[in-house]
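Structure record follows, encoded as C-alpha cells.
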C-alpha cells in the first residue's frame, strides 16, 4: 500500500462523513425550530466547516490505523464482504452515537425525530467507503 491511497481515502472519508452529517441534519435536525438547538439554521456553513475539520481528526485517529492494519490481510472476495460489513457497522455505530449527541431526547419526542435516518445514511456511507477502498486496493494489486 502506498501513501497516495491513504491520502485519497482521507479526502474521501472527509467528504463522506461531512455529507452524512449534512444529510442527517437536513433530514432530521432541520425540523427543530427552537433557539436552544444550534444546527444548520443558526450556524450554516460554519457548522459544515467544523464537521469537516473534525473528520480530519477522526480519520487520523481511527480510520487510518484501521485501514493500515486491514491492508495486511490478503484480499479475496470473501474477505471483502467481511471488510464491507465491518465498515458498515462502524459507520452505523458512529451515526447512532452522533444522533444521540446532537438531538436531546426532548427534541426526539417533540419533533418526532427518527434514529432510522441516521442508521440508513451512515450505513450507506460506510458501504460506499468500504467499496471505494476495496476498488483502490484491487486496482493497486492489478498494477505490475
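Every read-out reported here was derived from the displayed coordinates using simple, explicitly stated rules and does not represent laboratory data. Bear in mind the structure is a predicted one, so any value in this text is a computation, not a measurement. Note: ideal-geometry Cβ built from the backbone for every residue, glycine included; neighbour counts use all protein chains shown.
Using all alpha carbons of the chain, what is the percent of pairwise distances in each 10 Å bin, ordered from the shortest bin to the longest? Cα pair-distance distribution for the chain, in percent: 11, 39, 29, 15, 6, 1. Here the relative contact order of the chain, from alpha carbon pairs under 8 Å that lie six or more residues apart, stands at 34 percent. The Cα center of segment 59-131 and the Cα center of segment 1-30 differ in position by 11 Å.
Each of 11, 45 was scored by other Cβ atoms within 10 Å of its Cβ. Listed from fewest to most, they are 45, 11. Classification of segment 83-144 by its C-alpha gyration tensor yields a prolate form. The axis ratio a/c (a ≥ b ≥ c) is 1.5 or more, and a/b outweighs b/c. Fully extending the segment from residue 2 to residue 120, taken as 0.36 nm per residue of separation minus the present Cα-Cα distance, adds 39.3 nm.
Most tightly packed first, judged by the mean number of other beta-carbon atoms within 10 Å of their residues, the peptides 88-96, 118-126 read 118-126, 88-96.
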